[in-house]
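The values are calculated or read from the model by the stated rules, or taken from the named source; none is laboratory data. Please read these numbers as outputs of a predicted model, since none were measured by experiment. Glycine gets a Cβ as well: all are built from the backbone with ideal geometry, and neighbour counts include every protein chain shown. Side chains are part of the model used for accessible areas, which takes the heavy atoms of the whole protein and leaves out ligands, DNA and RNA. Shrake-Rupley method; radii C 1.70, N 1.55, O 1.52, S 1.80 Å.
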Amino acid sequence: MANFKTCALRNEEMKNQQVTEDLKAFERRLTEYVSCLGPQTGKWRLILVISSLATAAGAWGLVTDNQQYPSLLQYLFHHKLFTVSCCNLFILFMLGIHRRVMAPQIILARTRIVLEDYNMSCDDKGRLILRPRPT
C-alpha cells in the first residue's frame, strides 16, 4: 500500500513539473513573439505619424489659403500636399495600418481572454501572471 502511495505522489510531482515547464515555454514564446512585433509596430507607427502630420500640414495650408477657386478639383489641384497625403492616409487605412500598429495589444488582449479560464493573465510584455485561487 505504501508503494502505491509513493508512485501516486511521484506521478503527481511529474505532472506538476510538466505543467510548470509547459507554462514557462508558453511564457517564453509569448514574450518572444511580442518583442519581435515591437520593431515592426514602431515602423508602422512612424509611418502613420508622418502621414498624419503631412495631412495636417496640408489641411493647414488649405484652411489658411484665401484664394477663390471655382471647383473642388481645382482647389485640390492647387493644394497638392493635402491631396497626396490624404490619399496616402486613406490607402494606408485601407491596407490595415491600424491593425499593424495595434498588433501586440490585440494579441495580448486575446491571450488574456483565453488565460482567464485558467485564472491567469499576462502583462504588456507577455509575462504570465498567476492569480490567487478563488475562494
Worksheet item: How much solvent-accessible surface does Arg45 expose, in Å² to the nearest 10, with a 1.4 Å probe and all protein chains in place?
Response: 100 Å²
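Which order do Cys122, Cys36, Cys86 take when ranked by solvent-accessible area (1.4 Å probe, heavy atoms of all protein chains), largest first? Could you put the intermediate results ahead of the total?
On the way: Cys122 5, Cys36 80, Cys86 55 Å².
Highest to lowest solvent-accessible surface, that is Cys36, Cys86, Cys122.
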Discussion item. With a 1.4 Å probe and all protein chains kept in place, how do Tyr33, Tyr75 rank by accessible area, largest first?
Written reply: Tyr33, Tyr75
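From the protein chains alone at 1.4 Å, what is the descending order of accessible area for Met94, Met102, largest first?
Values: Met94 130, Met102 85 Å².
Greatest to least solvent exposure: Met94, Met102.
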Worksheet entry | Orientation-averaged projected area, Cα convex hull of region 29-68 (nm²) | 3.1 nm²
Worksheet item: Roughly how much of Val49 is accessible, in Å² to the nearest 10, using a 1.4 Å probe?
Response: 80 Å²
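Assuming R0 = 41 Å, can you tell me the calculated FRET efficiency for the pair Tyr33 and Phe90, based on Cβ-Cβ distance, to the nearest 0.05? Intermediate values should be presented prior to the final figure.
Values: r = 30 Å, r/R0 = 0.74.
Computed FRET efficiency for Tyr33 and Phe90 comes out at 0.85.
So, for the chain, what is the accessible surface per residue at a probe of 1.4 Å, expressed in square angstrom?
Details: 10610 Å² over 135 residues.
On a per-residue basis, the chain sits at 79 Å².
Quick one, what does Rg over Rh come out to for the chain if you take C-alpha atoms and the Kirkwood Rh? Could the numbers behind the result be given before it?
Working: Rg = 26.9 Å, Rh = 19.7 Å.
We get a ratio of 1.37 for the chain.
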Discussion item. Under the 0.36 nm per residue contour assumption, what length would be gained going from the current alpha-carbon distance of Ile47 and Glu21 to full extension?
Written reply: 5.4 nm
Worksheet item: Within the accessible area of the chain, what % is carbon and sulfur when the probe is 1.4 Å and the other protein chains stay in place?
Response: 64 percent
Worksheet item: Which of these, Phe77, Phe93, Phe26, has the largest mean-square fluctuation under a Gaussian network model of the chain (Cα springs below 10 Å)?
Response: Phe77
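Please compute one quarter of the surface area of the Cα convex hull for region 65-134 and express it in square nanometres. Walk me through the intermediate numbers first.
Numbers: hull surface 32.8 nm².
Seen from a random direction, the Cα hull of region 65-134 projects 8.2 nm² on average.
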Response to the item:
Karplus ³J(HN,Hα) for region 37-51 (6.51 cos²θ - 1.76 cosθ + 1.60, θ = phi - 60°; Hz, whole; x = Gly/Pro) runs 6, x, x, 5, 5, x, 5, 5, 5, 4, 4, 5, 5, 5, 5
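Going by the alpha-carbon gyration tensor, a ≥ b ≥ c the square roots of its eigenvalues, is region 95-135 rounded (a/c under 1.5) or, if a/c is not under 1.5, prolate (a/b greater than b/c) versus oblate?
Details: a/c = 5.42, a/b = 2.79, b/c = 1.94.
Prolate shape, in that a/c is at least 1.5 and a/b is the bigger ratio.
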